Amino acid sequence: MGDRQDRQGNRRPQKPQSQPGAQSHPGKNKPGKKLVPYQLKKPVFFIGFMGAGKTSVARSLARMCHISAVDMDTYLERREQKKIKEIFAESGEEGFRQLETEVLKDMIAHAPALISCGGGVVGREENRRLLKDAGFIVYLQVSVGEAAGRISDITTRPLFQDIEQAKRIQEERAPLYRAVSDVAINTKGKGVKRIAFEVKRVLEKEGILCRPQES
Ligand code: S3P
């Protein structure tokens, strides 16, 4: 990855610049066939509880539209050269939240992308304001039971160690997710692609995602 150093070191990006840690790239896959990316007018943030499918849905939609998807936690781990559970162990939740806010600001400073946020991003008032001011916010709703089934390795989620703890946190956050979001999508019983299509329809209707112009 040629741009890795850039991603980790560059905290004061200059515009225009593509997103750091982008997971999908416009028109990258088919040699000879130029894939024209959709236009994204502003960042789209995916919020919701751990296991809601934020990262998978953002990636799936990015692939459909040949635009970039970035995962905040992946970017944070690369930037800090540490796993999230190590950051929690060394600096506690507060230390992690501080880094999370810095990463959110980094994301906002770059070109619009589909950004999957960590489930706890809505906890800080500062973050909620940053999200609201900068982008369009998609809330993916999931029950704790369904979320538990979707997380393959629970040890990677320091705040999802048991169902009771997870239920308590989700109850605290649910009003914040609802208040900050522009649209809420219930993911119950739906596959990633179907949810991605649903989000696509909403973004097109809102004029945030635009089809490529025919040339
Ligand atoms: C957290 C969710 C995680 C990660 C961290 C804290 C939370 O991200 O940011 O473990 O507080 O809900 P995902 O929502 O992607 O699992």
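Given their separation in residues at 0.36 nm each and the Cα-Cα distance between them, T156 and E171 gain 3.3 nm when the chain is fully extended. Considering only beta bridges that DSSP places wholly inside the chain, some 10 percent are antiparallel. Among A179, A148, A111, the residue with the largest mean-square fluctuation in a Gaussian network model of the chain, with springs joining Cα atoms closer than 10 Å, is A179. With θ taken as phi - 60° and the Karplus curve 6.51 cos²θ - 1.76 cosθ + 1.60 applied, the whole-hertz 3J(HN,Hα) list for the stretch 101-113 is 5, 4, 5, 4, 5, 4, 4, 5, 6, 9, 4, x, 8 Hz, x standing for glycine and proline. Diffusion coefficient of the stretch 102-215 by Stokes-Einstein, Kirkwood radius over Cα pairs, 25 °C, 0.890 mPa s: 155 µm²/s. Any idea what log10 I(q)/I(0) is at q = 0.15, 0.23, 0.25 Å⁻¹ for the stretch 65-122, Debye with uniform C-alpha scatterers and no solvent? Reported log10 I(q)/I(0), two decimals: -0.43, -0.91, -1.04. Summing +1 for each Lys or Arg and -1 for each Asp or Glu among the other residues whose beta-carbon sits under 12 angstrom from that of T155 gives +1. Across the chain, the volume of the C-alpha convex hull divided among the residues equals 131 Å³ per residue. For the chain, the relative contact order works out to 30 percent when only alpha carbon pairs closer than 8 Å and six or more residues apart are counted. What the Cβ-Cβ distance of V36 and V192 gives, at R0 = 25 Å and to the nearest 0.05, is a FRET efficiency of 0.60.
Between Q39, Q170, Q161, the GNM of the chain built on Cα springs shorter than 10 angstrom shows Q161 fluctuating the most.
Measuring r between the beta carbons of D133 and R78 and using R0 = 25 Å, the FRET efficiency lands at 0.45. Between the stretch 89-123 and the stretch 52-83, the C-alpha centres lie 12 angstrom from each other. Distance between the modelled labels on E204 and R63, one decimal in nanometres: 1.9 nm (7 Å Cα→Cβ projection). Among A52, A69, A109, which one shows the highest mean-square fluctuation when the chain is modelled as a Gaussian network with alpha-carbon springs under 10 Å? Maximum among the listed residues: A109.
Read-outs: derived from the displayed coordinates by stated rules, not from any lab. Treat the numbers as computed from the prediction; the structure is a model and nothing was measured. Virtual Cβ from ideal backbone geometry, glycine too; neighbours counted across all protein chains shown.
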